[in-house]
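Values in this text are rule-based calculations from the coordinates and carry no lab data. These numbers come from a predicted model, not from an experiment. Please note: Cβ atoms are built from the backbone with ideal geometry, for glycine as well, and neighbour counts cover all protein chains shown.
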There are 2 protein chains.
Amino acid sequence: MLMLDRIRENELINSLAKIFPRSPYQVNALHGSDSEIIRIPGASGQTLAATIDTIAEEIRTGLYTDPWLIGWMTVMVNMSDLAAVGASPIGILVSEIIPPDFSAESRERLQKGILDACTACGTFVLGGDTNAGSPLSTGGCGLGLLPEGSLLSRTECAKGDRLYTSGYLGDGNAFAASRLIAKTPLPYTYQPVARLREGSVVRHFASCCMDSSDGVLATLDQLMRLNGCGFSLGNVWEKALSPQSVRTSLELGIPPWLLLAGEHGEFELIFTIPPSREKAFLDEAANIGWAPLRLGDVIPTPEIRMFLYDYEFAIDTEEIRNLGSSSLGPIEKYLKSLLEIDFRLRQGRTIV
Amino acid sequence: MLMLDRIRENELINSLAKIFPRSPYQVNALHGSDSEIIRIPGASGQTLAATIDTIAEEIRTGLYTDPWLIGWMTVMVNMSDLAAVGASPIGILVSEIIPPDFSAESRERLQKGILDACTACGTFVLGGDTNAGSPLSTGGCGLGLLPEGSLLSRTECAKGDRLYTSGYLGDGNAFAASRLIAKTPLPYTYQPVARLREGSVVRHFASCCMDSSDGVLATLDQLMRLNGCGFSLGNVWEKALSPQSVRTSLELGIPPWLLLAGEHGEFELIFTIPPSREKAFLDEAANIGWAPLRLGDVIPTPEIRMFLYDYEFAIDTEEIRNLGSSSLGPIEKYLKSLLEIDFRLRQGRTIV
């Protein structure tokens, strides 16, 4: 766990979990997959996928203000964790801490966001609970099913595998910048849909998978630490950015590659496909009308390499990830730190 | 739902849930049981029990201050919901919002409380998530299993059934009074253990069951509204109060019957047994070394009747329950309202 522990978030999770024994029914290891995978005693053929995730920081920082979006994201962050293990959703339980001054109209928008996200995912609210309190926060526990023995984990990729993303990247951080960095908030469409259908295809072909909920470089960094191998993105990453995100980053004077570095994700699946299965995978993807985007290759050395400013760099993703969890401070400071890293790269100080 | 809706908490839940369609796999109705019961497609013989519950108000009001107790209760409130449907726990997922100034020692105590409660319930932490934020709040999603077709719900009791509690009542509210009403906090042992073993016996015999997490009269009131019948407690309720709770209430000048009225529960199971099954039930309970306490009878009229001050009253549980959810204000005001109800009873104004 030494390499994992160099990331503050992993260190926190390890310290919180260290005294807990594992359930004999639990299939996945700690950090091993986006959802917990649990054998159901007496129910052969099916395993349960379960995940819990709360929207609190995004409300506190002012990133999410529209109650509809808060409801939508409460469902999607959990459904995305189910998608990343290839599970089919059963439903979600929702927990809400509602401030006394939260209007009836806001409450209705919150519930509508939850409903719309469930409908988009073909799933249901199974139950919930409410507390009176402040500030607003909303959490969910997503439940799904997986055929036994078909776990899609984070930990089986190998040198030579092809790196893919389920769709365009960059919208999570461009949305955050449009809300928090722009002097007056820019209009920006941010409404991620969990990649459940895609996950159920990926499950049959991929060697590892994880969603990009914490940002793309954080996802790749975590996969690197778990697998002991690295990723080479070449120039390919540029074509994987959504046109909307590039436009907004340029408008705000933010170098586009930082759309991969920021910690607010786009909830795409990042996964690796062994070359021998690549054709069959792409055929099956085409069958459901989906065009996965190539993002690079798995390399034997534990590095994240990409072309920037005409040079190939090994990005210090440890530094980037630890900016996030240490920055309970203002977003401007976080962005300034990212821009400093970009400045150092442009100065060529960390060329490998 | 008219009768249910006269309770503000039910009204809130109904308004939050009204736009959500039910999952075709969901067995229980809204309000119908303490946990959600879900058929597992493709897994014959087993159904899933799931519940979500967050500890926020108890922290905000200063009722829970010890991080160990907060951890313990995070698990127990969820396990108690599983116990009330007779489920066997699979485990719990935990979500924590942790303030920046929460010390490492406090965090360790919180996690120790979670672990100790899981150990006491023979269950496991399956996963979790953390957010940085303030104030501290902790939530859990409890998961369990039930043999198919053996749902223990809140809604099948009938006139003539015997009312039972799994153990002594009163500790929840006496603890709250010892912490919040006493000028200097009194020592009080409050460490409820979810009645999982007892629930798995109750499941085979009871006509309805619900835990007393919101207080005993609130539980009975809810069962009354759901079943359209009432409960007569006679004088029996006095013997069902824990000696510790009676001592503390008298020391604080609080009439002991208010230990049933307050909204902080003791997490016992409140259930009804048809007379034809009573002997077999008591035999089976004795087999596991458990002595359930008789609390009264199911009566045909929708009333909660009990002897107080040598008279039999029908208690206005609607008024009592609505004090709670309307009192985001100080505890003193809530207690004053309860004492006013007691005063009116003693004046004989509501004698039936």
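Partner chain Cβ atoms within 10 Å, averaged over the residues of B:26-32 - can you pull that number for me?
The shielding value for this peptide is 1.
With springs only between Cα atoms under 10 Å, which of A:L260, A:L143, A:L308 fluctuates most in a Gaussian network model of chain A?
Among A:L260, A:L143, A:L308, the largest mean-square fluctuation in the Gaussian network model of chain A belongs to A:L308.
If you take every DSSP beta bridge fully contained in chain A, what fraction is antiparallel? Give it as a percent rounded to 5.
So the antiparallel bridges amount to about 80 percent of the total.
State to the nearest 20 debye the size of the charge dipole of the stretch B:1-113 about its Cα centre, where the only charges are +1 on K and R beta carbons and -1 on D and E beta carbons.
380
Could you let me know the centre-to-centre spacing of the stretch A:99-120 and the stretch B:101-168, using Cα atoms, in angstrom?
26
Suppose we keep just the DSSP beta bridges with both residues in the protein assembly as shown; what percent of those would be antiparallel, to 5?
Close to 80 percent.
Say a paramagnetic label sat at a point 7 Å from the Cα of B:K279, along Cα to Cβ; which residues of the stretch B:185-205 have their backbone N under 20 Å from it?
B:202, B:204-205
Simple spin-label model, 7 Å along Cα-to-Cβ: A:F307 to A:A29 in nm?
The answer from the label model is 3.6 nm.
For the protein assembly as shown, take the alpha-carbon Rg, divide it by the Kirkwood Rh, and send me Rg/Rh.
Radius of gyration over Kirkwood radius for the protein assembly as shown works out to 1.01.
How far apart, in nm, are two points set 7 Å out from the Cα along the Cα-to-Cβ line at B:E340 and at A:A182?
Taking the simple label geometry, B:E340 and A:A182 are separated by 5.2 nm.
Based solely on its DSSP helices, what 222 nm [θ] is calculated for chain A when runs of n ≥ 4 H residues each add -39,500 (n - 2.57) and the sum is averaged over all residues, nearest 500 deg cm²/dmol?
For chain A, the value works out to -11500 deg cm²/dmol.
Among B:H264, B:H31, A:H204, which comes first, then next, by fewest other beta-carbon atoms within 10 Å?
Going from sparsest to densest Cβ surroundings: A:H204, B:H31, B:H264.
Which is the longest run of chain A containing none of the trypsin sites (Lys or Arg not before Pro) found in DSSP loop states (not H, G, I, E, B) with at most 13 other C-beta atoms within 10 Å?
The longest uninterrupted stretch comes out as A:184-348.
Pull the list of chain B cysteines that no other Cys approaches to under 4.7 Å, Cβ to Cβ.
Cysteines of chain B left without a disulfide-compatible partner: B:C118, B:C121, B:C209, B:C229.
For the pairs A:K112/B:K159; B:K239/B:K336; A:K112/B:K333; A:K18/A:K279, note any where the Cα-Cα span goes beyond 31 Å.
Cα-Cα > 31 Å for A:K112/B:K159; A:K112/B:K333; A:K18/A:K279; rest within.
Over the whole of B:86-93, what's the average partner chain Cβ count within 10 Å per residue? Rounded to a whole number, please.
4
Exposure proxy check: A:E266, B:E263, A:E284, B:E332 ranked by fewest other beta carbons within 10 Å?
Final ranking by Cβ density, sparse to dense: B:E332, A:E284, B:E263, A:E266.
Ignore the peptide's own chain and count Cβ atoms of other chains within 10 Å of each Cβ in B:56-64; give me the average, rounded.
Across the residues of B:56-64, the mean count of other-chain Cβ atoms within 10 Å is 3.
Between B:T119 and A:T189, how many nm apart are label points set 7 Å from Cα along the C-beta direction?
5.5
Need the full-extension length gain, B:S150 to B:R247, defined as separation in residues times 0.36 nm minus the C-alpha distance. One decimal, nm.
Difference between extended and current length: 30.9 nm.
Just the ratio, please: alpha-carbon radius of gyration of the stretch A:30-161 over 2.2 N^0.38 Å, N its number of residues.
After normalising by residue count via 2.2 N^0.38 Å, the value is 1.17.
Take the Cα radius of gyration of the stretch B:153-234 and divide it by 2.2 N^0.38 Å, with N its residue count; two decimals is plenty.
For the stretch B:153-234, the normalised Cα radius of gyration is 1.28.
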